[in-house]
Structure formats: C-alpha cells, structure tokens
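For reference, the structure discussed in these notes is given below.
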Amino acid sequence: MKTLGSTSNLERARVLIVDDVPENLTVLGEVLQGAGCIVQVANSGPAALRLATQTPSPELILLDVMMPGMDGYEVLRRLRAEPRSRDIPVMFLTALDDPRDEEHGLSLGAVDYLAKPIQPAVVLARVRSQIDARRLHEWLRDQNAALEAEVARRMAENDAIQQVTIRALAHLAETRDPETGNHILRTQAYMQLLARALSHHPRFAATLNEHTIELLTRSAPLHDIGKVGIPDHILLKPGRLTADEWEPMKTHAALGAAAIEQAERDIDRPVEFLSLAKQIARSHHERWDGSGYPDGLAGESIPIAARLMAVADVFDALISPRVYKRAMSFDEARRMISDGRGSHFDPAVVDVFEDEFQRFVDIANRHRDKPPAAVPRVH
C-alpha cells in the first residue's frame, strides 16, 4: 500500500515531457531532473501516446500544444480515450496567450497550463502540486481498496458463521430424530431448485428474485427445528404414531416458529432470512385445500416458502426409509406428489416438480444417506 511520506518533494516522480522543439525538452528536463524527477521525453504526439501507455506510466505529462502532425489537443483526446492513460494528469505547455485556448484545453481535461518561456520556480511549484495531488489520490484509492477488501472479508466471514450456525441448529434437531440423515441437505437443494424454476413463473416472478432465493435456501434447514420440543416417547417411537400421539407431534411446526420468533426478539431487529425461516417452520405442513396444520391455511394464504418446502419435505420423506415404512421408489414418490396437486400442494409447484423431476433424483442420489455402520459381534 502506498503511503503519503513522499508527497512533499519530487524525488523519483515520473514525468513525461512532450515537445517538438529539442531545446524545450532539454531545458525542462534539466529543471525537473535537478529536482529529483525521472524524466521521459517525446518529440511528437504518437511517441507520447506510446510512452504514456507503458509500465510504469508517467505520474504527470507536460504537453506542448502547438506540434506538427498531431497537436496537443488531439494527443490529450487520445490519452483520455485510452484506459491505461485516461487518469494521468496533463499540463499544457503553450506560448499562446488567448484565454480561449486555455479554456479549450481545460475543457478537454487538462489540469493546468504552463506559459512559455518557462520559469523554473513556477514549473517546479506547479509540477509539485500535481504530483502531490496524484499521489494523494492513489493513496486514497489504495486505502479504499483495502477497506473494501476488509469489509468483503468480514461479510464473507459473517456469512459463513451464519450458515454454520443454521446448520448446527438444524443438526441439533436431527440428533433428536436420527433417521433423517442427509434430509436437510436434500431438502435445501430441492428448495433452491424449485425456487429457481418458479422464478420465471408469472405468479412467482415478482417474489422469487435472486436475493429471496438465496434467503430461502439458507433458511430451509430450520424447517423442522421445532422437533427438539417433542417428547422422546413420541419422536423416537419405533412405529406409527397413534391419533393421540400425532397431536403433540404436530406442534413441532408452531414450536419451531416460536423459537425463531424469540430469536428475532432477542436481537431486537428484523433479519430477512429468519422471517422466511419462521414461515417455513410454521407452515410447511399446511395443505393447499386447507386441511393442513397448524393454522388450516389454504391456497395463496400459505406463504410461498412453505409451499415449496411442502413438496421438498414430502418427496424426501417418501423416498426415505423409516422403521415403520419402506422407502418408495422415485417413480412412486413422483406419482404421490402428482396425486396431491391441487389438494395437498400448490399446482404450480407440482408442475415445476414434474418438469425438474430428474434433477430431484440427481440431488437425492448425490446426498444419499450412508448405511449405518456395522456393529461388531461380541463372542
């Protein structure tokens, strides 16, 4: 990173002088070299353009206005059109005394004018002023770049911490229900797939933008966090639940939403992904026809995020083995989802599921649960 320690003098300042008169190049060069500058010279516009785009580039260009072939105004226009030289400050050298000439040069982007014949003290003062301004600009640019890099690093770190925390909470819920395996990975991927596909649908395009899809994907693992509040004798029962056991089991949706809502109150400010996570946790067991739980919502009153999770969650449950049921084949699960179109599920979400079915299968295979480790036999 550059510092400001060298801005009080011209030591090693790189200056390009452009003039078609050799004597002018010699006089100016001696003045600037005597002050410690690294001087380059060019006796024509084309030569100046070549030197200006070399590395390292000049920190300042002193440019004669009246030159044959390509005058100083044209050289400046071309310097400003070239990305490698457009930011180099240019001071015009001129014997012209018409104020309109100076106005014209400044309008093209020149930073100052030096009148001929030159006065060494004036030249050094003007050059020093421009070099100091240039170095200050570069120092500020580097400072801003470093600050932006640090902000980006911290944002990435915070983002990683947030995602790890979400996964940790989701896995905590899974420890209460060890059969779920890679369920959160699969449902998260299904959610992202559905949301991206639906983002082009007229009913969803206004809501499912890239930012919302990212938040949906991030919050999806928290959909079953409420299961931590279900008693073991119900959650871990090795068989189907009775009607009496099913009622407390259904409370996991409201329990999860309540836990997330409490987290929102604790931090005392809204967090977008928590709002979506709360919708998913509470409403992913609602049904399109209003027969779901916990609130009996129907149709469009069910949050979009929950409608997506309903398909993702049920599909994954169907293809996963449980102690009380076998895993369905992909085709069987597909038929079950399709049969629920318009009753259990939003028809538009089912249509997208059908269109993207092979990708659902690919996700399921990619995140397939590992078989349990064999228990060694004791002799």
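The values are calculated or read from the model by the stated rules, or taken from the named source; none is laboratory data. Just so it is clear, the model here is predicted, and its values are computed rather than measured. Every residue, glycine as well, gets a Cβ built from its backbone with ideal geometry; the counts of neighbours run over all protein chains shown. For accessibility, only protein heavy atoms count, side chains too; no ligands or nucleic acids. Shrake-Rupley method; radii C 1.70, N 1.55, O 1.52, S 1.80 Å.
Total lysine pairs in the chain at Cα distances under 29 Å, for residues eight or more apart or on different chains: 13. The trypsin sites (Lys or Arg not before Pro) of segment 274-379 that DSSP puts in a loop, and whose beta carbon has at most 10 other beta carbons within 10 Å, are ARG326, ARG377.
A Cβ-based charge dipole, computed about the Cα centre of the chain with Lys and Arg at +1 and Asp and Glu at -1, lands at about 1320 debye. In segment 15-162, a dipole from Cβ-located charges (positive for Lys and Arg, negative for Asp and Glu) runs towards its positive end, and of ALA125, ALA95, LEU51 it is LEU51 whose Cα lies farthest in that direction. In the chain, helices alone account for a calculated mean residue ellipticity at 222 nm of -17500 deg cm²/dmol, with every DSSP H run of four or more residues adding -39,500 (n - 2.57). If both residues of a DSSP beta bridge must be in the chain, then about 5% of such bridges are antiparallel. For the chain, averaging the sequence separation of C-alpha pairs within contact (under 8 Å, six or more residues apart) and dividing by the residue count gives a relative contact order of 11 percent. Please work out the Cα center distance from segment 89-131 to segment 133-156, rounded to the nearest Å. Centre-to-centre distance over Cα atoms comes out at 31 Å. Surface analysis of the chain yields an accessible area of 53 Å² per residue, using protein heavy atoms and a 1.4 Å probe.
Considering only alpha-carbon pairs that sit under 8 angstrom and 6 or more positions apart, the relative contact order computed for segment 197-280 is 34 percent. Remark: relative contact order (segment 318-363) = 25 percent; criterion is Cα-Cα distance under 8 angstrom and separation of 6 or more residues.
When the charge dipole of the chain is built from unit charges on Cβ atoms (+1 for Lys and Arg, -1 for Asp and Glu) and taken about the Cα centre, the candidate among ILE61, SER107, HIS211 whose Cα reaches farthest toward its positive end is HIS211.
As a fraction of the 1.4 Å probe accessible area of the chain, surface on carbon and sulfur atoms comes out at 55 percent. Simple rule: put +1 on each Lys or Arg Cβ and -1 on each Asp or Glu Cβ in the chain, find the dipole, and look at ILE337, ASN144, LEU318; the Cα lying farthest toward the positive end is LEU318.
Restricting segment 66-117 to trypsin sites (Lys or Arg not before Pro) that sit in a DSSP loop and have at most 16 other Cβ atoms within 10 Å of their own Cβ leaves ARG84, ARG86.
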